[in-house]
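The next block holds one structure in the form of structure tokens; read it before the comments.
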Amino acid sequence: MTQATLTVNGRRVAVDAPARQHLADFLREREMLTATHLGCEHGVCGACTVLIDGAPARSCIAWPAALDGAEIVTVEGLDDDPLAARLRAAFTAEHALQCGYCTPGMLIMARDIARRVREPDEARIRAELSGNLCRCTGYAGIVRAIARVIGEGVDAAPPRRALSGTAPLAATVAAAAAPQKAEPAGAMTFSVEADGSTRIAQSFVTPFPRAAVWAFFQDPRKIVACMPGAALTRVEADGRIEGEMRVALGPISAAFAGEGAVSADPAAFSGAIEGQGAEGAGGTRATGRVTYALREEGPEATRVDVSVVYALTGPLAQISRGGVARDLAGRLTRVFADNLAASLAGRAPVEAAPLGAGALLWSMVVSRVRRLLGR
Amino acid sequence: MRPKGVGASVPRREDDRLLRGRGRFVGDIRMAGQVEIAFVRSPVAHGRLRGVRAPERFAGRVFTQADMTGVKGILARSGLKGFRVSEQPALATDKVRFAGEPVAMCVAETRAEAEDIAAEVALDIEALPANVDMLRAAAPDAPRVHDDWPDNLFLETFVDGDIERAAADAAIRVTRKLRTSRQCMAPLEGKGCVAVWDRHMEQLLLWTSTQMPHIVRSGLAECLGLEERRIRVAAPDVGGGFGWKGLLQPEEVCAAWLAMKLDRPVKWLEDRREHLVAAANCREHHYEITGYADAEGRLLALDAVAHVDAGAYSVYPFSACLEAAQVGSILPGPYDFPAFRCRTYSVCTNKPPIVPYRGVARTGVCFAMESIIDAIAREARLEPYEVRLRNLVRPEQMPFRNVTGKDFDMGDYPESVRRAVAMIGHDAVRERQKAGEPDGRRVGIGYATYCEQGAHGTSVYHGWGIPMVPGFEQCFARFTPDGGVEIRVGAQSHGQSFETTMAQVAHEILSIDPDRVSVSHGDTALSPYSTGTWGSRSAVMVGGAVATACEKLGARALRIGAHLLQAKPDEVRLEGGAVVGPGGSVSLDEVARTFYRRPQNLPADVDPDGLELTAGYRPVVDTGTFSYATHAAVVAVDGETGGVELLDYVVVEDGGVLLNPMVVDGQIYGGAVQGIGTALYEAMRYDANGQPLASTLADYTLPGAAETPPIRIAHMETPSPNTRFGQKGIGEGGAIAPPAAIVNAINDALAPLGVEIGALPATPHAILSAIAAAEAVR
Amino acid sequence: MKAAAFEIVRPRDLDAARAALGREGAKAAAGWQSLGPMLNLRLARPAVVVSIAHLPELRGVSETPEGVVYGACVTHAEIEDGAAPDPTRGALPAVAAGIAYRAVRNRGTIGGSLAHADPAADWPTALAAMGAHVRVLGADGVRRVAVEDFAHGAFAPALAPDELVVGVEAPRFSASARWGWWKFCRKLGEYAEAMCGVLVDPDRGVARAAFGATDGRPLVIADASEALRDPDALAAPFAAAGLDHDPVARRLHRAAFRRAAARAGLLEDVPT
Ligand SMILES: Cc1cc2nc3c(=O)[nH]c(=O)nc-3n(C[C@H](O)[C@H](O)[C@H](O)COP(=O)(O)OP(=O)(O)OC[C@H]3O[C@@H](n4cnc5c(N)ncnc54)[C@H](O)[C@@H]3O)c2cc1C
Ligand code: FES
Ligand code: FES
């Protein structure tokens, strides 16, 4: 791998740190530039804001090795900058800092705002500052300080250069047919149980006689094969099973290993699979129970009622719930149903790739990370 | 008063280093040979810990409580009758009691590598049902947090009052159930420490981001079994505290122990996920409260049951019952009424231990009381401010002892309401409301008045019987040989601006230019003892101590000066950095030079203790100052989205004499915005298993600049009769009233829809749900 | 909160990028603004991250009569600032300006946003409402997919592990086009709770609406003319898309439509 080089406050430095070290830690730990603070390490608070090629950016979610050739400026590098000097004076005059922890990031941002915003309009300044949190000052002094400097006149930032890279690649292959939009497999309900676990109930009809479907459900290996990403490593005669599931969700992937048990009530054509597992390196634990009941819908069709109850603890659980589970559990239950139908008909599963780990874990993960990934 | 002395808005001398990125926060400290630690934390809220397994290759890098022989758990007793004691081990032993509780610590050269190890440590935990809902915690089948307790109560208190008679005559009776959310204090800098055994001093040196170095030292000494003289605790620049840095933390005990064990500097920095998950530890109150009033809205009686979710352990030094037990004495707030009954419960749950957050119990209490006042106003068909005017303690009643025996020092509470009404333009808002908004939103106006006992001392705290009872605050002061002044105090400044304001105090007394005064703080090795910075006490206590020390130091300088001027001692005074007599003056530089370098010129009876001393201070009446304020908010509520915009916000405040008005305003702005967070944004939610449901700032929303209106402040400045300069404690006040004022405004806006919000935060979702529910009823 | 160990590859060209993406545990990164937080929280633990934002083919822009093609790694801020031609008469820069915070917009990319397929993100919904297309480079060459078909669901783009988003085609609005965009956030810059884009371009026979911040893929109403006459017509598509599961969400999505349409001047008497 070629080594990356950065310019930090005008000095060229070679990046000789482990790749995983983010820019803020690189500056703080390798370059001993401790002005750049860490307040969240996930892009929200702005304490780590530095200039990358002249524009403010979060140094906690930038990585030196990916920034070869970039110019980095931290607050230490603004000692002799005339606009920064004016802002420092205004920050003091307006009492724009108390503990001072947010201040370096605020100054980097304030300088950028002063160069882009022409009028000392308070509402605009507040909006522009929205990505930098301060817990002490209530922002009053910060907003006033920036308004003061803008009001006294600032040279405008030069207009952005028009983009002039290589033209984007042209399409070379025929437009892919739009994927058909699958019909919902059946009504799905979501609820939160008294013990805090989440329950997803789904019902669908499969065009096979109940006896065939029942026989299928008695083979855990076959059922699990219908859940994308899941595999059994051991099946005991007494119903105990061991297995693992891989889940992938956007950039997140996690592998759960665990054990469980299957049980069945032939008289009622119902049964359950329950289990618990832990995610190796992530510390998340999951417990879940899948129950199913088969009802005849005429001689050649069976209604399958599936309900999934699960609870998560650990890092993946400690993110707000969201309704994304609805969509994904729906899609995966649909894939599960399709796979089930295909298997019953003796065909290979339609979708076996580990895009998710079956409705159970997939939706567990998704419902919890929603807020961070998105909402 | 002097130009740069008490009352002047002197610019801060702390600013320059911080503005240039040259502050030194705990994360910036790096010592040769340093290692870092990462904690393995419990993934479950409640469970039996059966084992901790680490891969063989990490031998010597993973530690549990079993390794920490001789280290005692953290004990924070309270002397209140019936208080049940919990012991918090540094690392969990037999049981885990909240999600995020530290169970093992992993050590490596870098934090990233320590986290790599932590990721491979497996915890064998048998999960138990969690006790999450404080209102159900008393149920016989509720899971027991501490196995040997008969129930889940740290403490129950009861203030009995004869409310029956008052209630019988009441024309108005309003009952509400009100709830505040569990919050994280979320200073922008997390907690952190660096521990090292200092061979030279034969001392454990703990750099820690704390508000109370001396208290941390005492607690640490107890846990580690070291004499206190063998420990030095020092706070570097601290990136905000708000209460979260006012305790001894298990992580500090761990780092200190490990530094001695490994004989290497050990660093731990709390990251944001740790803070949100393991430190969601304040504000969760529930009230069932009934107010009785006559037809004119005059309060006759108040009857309340309050629950406070105190979490799993009693925190050092404040204990688990500070909040709930306080409710019983401060719920009546600034109001004068005859009958009060209140039962409080400090409930033990499977959540992080409660720590007093800026305003402590007052934010919840104010929300409860002010909601009741507005409910009475609606019943009585009176303007809410009118009901306040009819019930507040009047200036002619001062000094006043209220229904719970609180001694109010002085002030004109109704005047703060009248000024707020004028400033906010109450009548114009009502007109606007009548006219309706062109965009269809609903406008509302809300008020909240509170009084804040601050800087309360021995006479208040000894009754709590907690590990820390504040007594005399002390200050070390000296002239250096070149005539500069060094001030050292044991409290700690992390945004409160001591380095500026205490230099102002020194200037006020000694007349020396504040630029020639240095103020150091927050280091047990450098300063006299102090219980630290909390409870809005610094301006009063530290300010008083600095003034006292400077007075005594000034007296010594005057004697020498008089001798040099050949004047009588009573003919000289301090002016412009000099001792001035009838016939001329001699600079303080010269006085200092004389004492240190030309002792031959000193008077024969010179005080041999010289130009340095430690002096102590405690107000004669140490029950605390009562600052007070009225906040008024105007909101626009969007009935389609539930969104709330703060259109205007006014604070009329009486903090007595302000040492530095600019700094005081800064405290009020900052506190008020935290209060806005409490009102509208911040909540740590838990599922029924006690899993915290936010671990990033995308889930736990803090107010930003765009969510904050320009806040207008007016000061009343009635001097306190009990303090050195007439100053009062104001550090926490800003954060007390906003939830009450804002929710009252929202409820004013939504009253025509029959909607009333009684839980914090008033999120768009909560507001829309309430509107939908009200529509369904109609 | 430090990332687990991973390797960073900075490929010389697109071929090298695709080759690197073929490695076990490889992930692309453009602006790192969505991937980065996941890395630090150790929710994402890729073995290799292939950083692509510097590749010139992904940074260019080309203009055609039908519209403008943006390289995948054009940033939100570049679009906001008008560094690239805009065929949408101001719609694109306005959407860009509303994403996150300036410091995030300076690095986050339009292609990364689509590839991330976050239901609450702005580009997937706004571009779907505009009828934009994505260009995807795979083993067989570059294919073209409508933005509305590009997401299977939340965080599930129609993208194979070694495929790259290389460009985004935005259509040219005609002079009479009306565009409205509205989103509701609890806090400025945070992900939206509801959002809607409405485009009526009679000269091109377009009357579309798209809803984001759903629980899954954006909901696109290809012919929104009826809903524009009578918003109650949204009830059926909402039900089909599961947007009506809770009364609060239903209210918010409806409000989003009415307000987006009002901003486009298509519905009157709507408070904003
Ligand atoms: C605090 C914060 C707030 C935010 N708020 C918002 C908001 O309100 N609205 C909003 O829309 N967004 C928001 N974002 C996200 C931001 O807009 C991101 O920049 C964007 O979603 C992803 O772009 P990126 O280039 O940074 O992608 P990256 O983070 O680099 O990548 C994201 C994902 O896409 C993949 N990927 C990236 N580029 C390509 C490509 N060309 N081909 C194939 N795969 C690719 C990566 O492998 C990864 O899985 C926010 C981000 C932060 C940190
Ligand atoms: S530390 Fe980077 S944004 Fe918070
Ligand atoms: S000054 Fe403390 S966080 Fe801004």
>> With a 1.4 Å probe and all protein chains left in place, how much accessible area per residue does the stretch C:57-171 have, in Å²?
In response: 24 Å²
> Largest first, how would C:ASP232, C:ASP246 line up by accessible area (1.4 Å probe)?
Replying inline: C:ASP232, C:ASP246
> Share of the stretch C:7-50's accessible area from carbon and sulfur, percent, 1.4 Å?
Replying inline: 43 percent
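Mind checking Rg over Rh on the stretch B:248-332, alpha carbons, Kirkwood formula for Rh? Don't jump to the answer; show the numbers that get you there.
On the way: Rg = 20.7 Å, Rh = 16.6 Å.
Here the Rg-to-Rh quotient is 1.25.
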> Given Cα pairs under 8 Å that are at least 6 residues apart, what percent is the relative contact order of the stretch B:577-703?
Replying inline: 12 percent
> Which value, in Å² rounded to 10, gives the accessible area of C:GLU80 with a 1.4 Å probe and all protein chains present?
Replying inline: 40 Å²
> Which Cα, out of C:LEU41, C:ALA17, C:ALA30, lies furthest along the positive dipole direction of the stretch C:7-50 (beta carbon charges, K/R +1, D/E -1)?
Replying inline: C:LEU41
> From the backbone phi of the stretch B:747-758, what are the Karplus-calculated ³J(HN,Hα) couplings (6.51 cos²θ - 1.76 cosθ + 1.60, θ = phi - 60°) in whole Hz, Gly and Pro given as x?
Replying inline: 5, 5, 5, 9, 3, x, 8, x, 10, 9, 8, x
>> Could you compute the net charge surrounding C:THR64? Neighbours are other residues with a C-beta less than 11 Å from the C-beta of C:THR64; K and R count +1, D and E count -1.
In response: -2
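Using the crude model of +1 on Lys and Arg Cβ and -1 on Asp and Glu Cβ, and no other charge, please compute the dipole size for the protein assembly as shown relative to its Cα centre, in debye to 20.
Working: 152 positive and 169 negative charges, 163 e Å.
For the protein assembly as shown, the charge dipole is close to 780 debye.
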> So how far, in whole Å, is the C-alpha centre of the stretch B:304-363 from the one of the stretch B:65-140?
Replying inline: 23 Å
> How many square angstrom of accessible surface are buried between A and B, both sides summed, with a 1.4 Å probe and rounding to 100?
Replying inline: 5300 Å²
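What net charge is computed for the residues neighbouring B:ALA304, neighbours being all others with C-beta under 12 Å from the C-beta of B:ALA304, Lys and Arg scored +1, Asp and Glu -1? Display every interim value, and only then the final one.
Values: positive: B:ARG176, B:LYS177, B:ARG341, B:ARG343; negative: B:GLU288, B:ASP303.
Summing Lys/Arg as +1 and Asp/Glu as -1 gives +2.
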> For B:THR175 and B:VAL85, what is the calculated FRET efficiency with R₀ set at 41 Å and r taken between the beta-carbons, to the nearest 0.05?
Replying inline: 0.70
> Given a Förster distance of 51 angstrom, what is the FRET efficiency for C:THR64 paired with A:ALA93, based on the Cβ-Cβ distance and rounded to 0.05?
Replying inline: 0.45
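Set the Förster distance to 60 Å, then compute FRET efficiency between A:GLU259 and B:GLU296 from the Cβ-Cβ distance, nearest 0.05. Intermediate values should be presented prior to the final figure.
Values: r = 70 Å, r/R0 = 1.17.
FRET efficiency, A:GLU259 to B:GLU296: 0.30.
Quick one: ranking A:ARG234, B:ARG388, B:ARG597 by accessible area, 1.4 Å probe, largest first, what do you get? Walk me through the intermediate numbers first.
Numbers: A:ARG234 105, B:ARG388 0, B:ARG597 155 Å².
Result, largest first: B:ARG597, A:ARG234, B:ARG388.
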> Across bins of 10 angstrom width beginning at 0, how are the C-alpha pair distances of the stretch C:178-263 distributed, in whole percent?
Replying inline: 19, 55, 24, 3
> Which lysines does B:LYS568 reach when only Cα atoms under 23 Å apart count, and residues fewer than 8 places away in its own chain are ignored?
Replying inline: B:LYS552
>> If I model a spin label as a point 7 Å beyond the Cα along the Cα-Cβ vector, how far apart are those points for A:ALA123 and B:ASP482 in nm?
In response: 5.4 nm
> Given the stretch B:298-384 reduced to its alpha-carbon atoms as identical point scatterers, what log10 I(q)/I(0) does the Debye formula return at q = 0.15 Å⁻¹?
Replying inline: -0.60
> Tell me, what is the percent relative contact order of chain B, built from C-alpha pairs under 8 Å that lie six or more residues apart?
Replying inline: 16 percent
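Greater than 20 Å separation of Cα atoms is the criterion. Which listed pairs, B:LYS267/C:LYS2; B:LYS191/C:LYS187; B:LYS245/B:LYS267; B:LYS191/B:LYS728; B:LYS191/B:LYS267; B:LYS245/B:LYS351, meet it? Present the calculation step by step, with values, prior to reporting the outcome.
Details: B:LYS267/C:LYS2 15 Å; B:LYS191/C:LYS187 26 Å; B:LYS245/B:LYS267 16 Å; B:LYS191/B:LYS728 29 Å; B:LYS191/B:LYS267 11 Å; B:LYS245/B:LYS351 18 Å.
The answer is B:LYS191/C:LYS187; B:LYS191/B:LYS728.
So what is Rg over Rh here for the stretch C:57-171, counting just Cα atoms and using Kirkwood for Rh? Intermediate values should be presented prior to the final figure.
Working: Rg = 12.8 Å, Rh = 13.8 Å.
Rg/Rh: 0.93.
Between beta-carbons, use under 10 Å as the cut-off and find the net charge around B:GLY161, counting Lys and Arg +1, Asp and Glu -1. Walk me through the intermediate numbers first.
Values: positive: B:ARG341; negative: B:ASP160, B:ASP162, B:GLU164, B:ASP303.
Neighbour charge sum, excluding B:GLY161 itself: -3.
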> At q = 0.19, 0.22, 0.28, 0.33 Å⁻¹, what is the log10 ratio I(q)/I(0) for the stretch C:7-50, with the Debye formula run over Cα points and no solvent?
Replying inline: -0.54, -0.70, -1.00, -1.19
> What percentages, rounded to whole numbers, describe P(r) for the stretch B:1-143 computed over all alpha carbon pairs with 5 Å bin width beginning at zero?
Replying inline: 2, 8, 12, 13, 13, 12, 9, 8, 8, 7, 5, 3, 1, 0
> Roughly to the nearest percent, how much of the accessible area of the stretch C:178-263 is carbon and sulfur, given a 1.4 Å probe?
Replying inline: 48 percent
>> Run the simple label-point estimate for C:ALA19 and A:VAL235 please: 7 Å along Cα→C-beta, distance reported in nm.
In response: 4.4 nm
>> Show me you know the interface measure: the accessible area buried between B and C, both chains summed, probe 1.4 Å, in Å² to the nearest 100.
In response: 2300 Å²
> For a paramagnetic label modelled at 7 Å from the Cα of A:SER164 toward its Cβ, which residues of the stretch A:71-103 fall within the zone defined by backbone nitrogen distances under 11 Å?
Replying inline: none
>> Ordering B:THR524, B:THR458, A:THR233 by accessible area with a probe of 1.4 Å, largest first, what comes out?
In response: A:THR233, B:THR458, B:THR524
>> Please compute, for the alpha-carbon atoms of the protein assembly as shown, the extent along each of the three principal axes and give them in descending order in Å.
In response: 114, 79, 70
> When the Karplus curve 6.51 cos²θ - 1.76 cosθ + 1.60 is applied with θ = phi - 60°, which whole-Hz ³J(HN,Hα) does each residue of the stretch B:661-677 get, with x for Gly and Pro?
Replying inline: x, 4, 5, 5, 4, x, 5, 5, 4, x, x, 5, 5, 4, x, 5, x
>> Can you list the residues in the stretch B:757-778 whose accessible area drops by at least 50 Å² when all protein chains are present, compared with the chain alone? Use a 1.4 Å probe, heavy atoms only.
In response: B:LEU768
> B:LYS81: which aspartates and glutamates have alpha carbons under 14 Å from its alpha carbon, excluding same-chain residues fewer than 8 sequence positions away?
Replying inline: B:GLU156
> Sorted from largest down, what three extents in whole angstroms do the Cα atoms of chain B have along their principal axes?
Replying inline: 93, 73, 50
> If amide H atoms are built 1.01 Å from N in the plane of the peptide, which residues on other chains or at least 5 residues away come under 5 Å of the amide H of A:ALA264?
Replying inline: A:ALA272
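Over both sides of the A-C contact, add up the buried accessible area with a 1.4 Å probe and give it to the nearest 100 Å². Please list the in-between numbers first.
Numbers: alone 20010 and 12810 Å², together 26570 Å².
Summing both sides, the interface buries roughly 6200 Å².
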> Using a 1.4 Å probe on the protein chains only, how many percent of the accessible area of chain B belongs to carbon and sulfur?
Replying inline: 49 percent
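The values are calculated or read from the model by the stated rules, or taken from the named source; none is laboratory data. Predicted, not measured: the structure shown is a model, and the values here were computed from it. Using ideal geometry, Cβ is built from the backbone for each residue, glycine included, and neighbour counts are taken over all protein chains shown. For accessibility, only protein heavy atoms count, side chains too; no ligands or nucleic acids. Shrake-Rupley method; radii C 1.70, N 1.55, O 1.52, S 1.80 Å.
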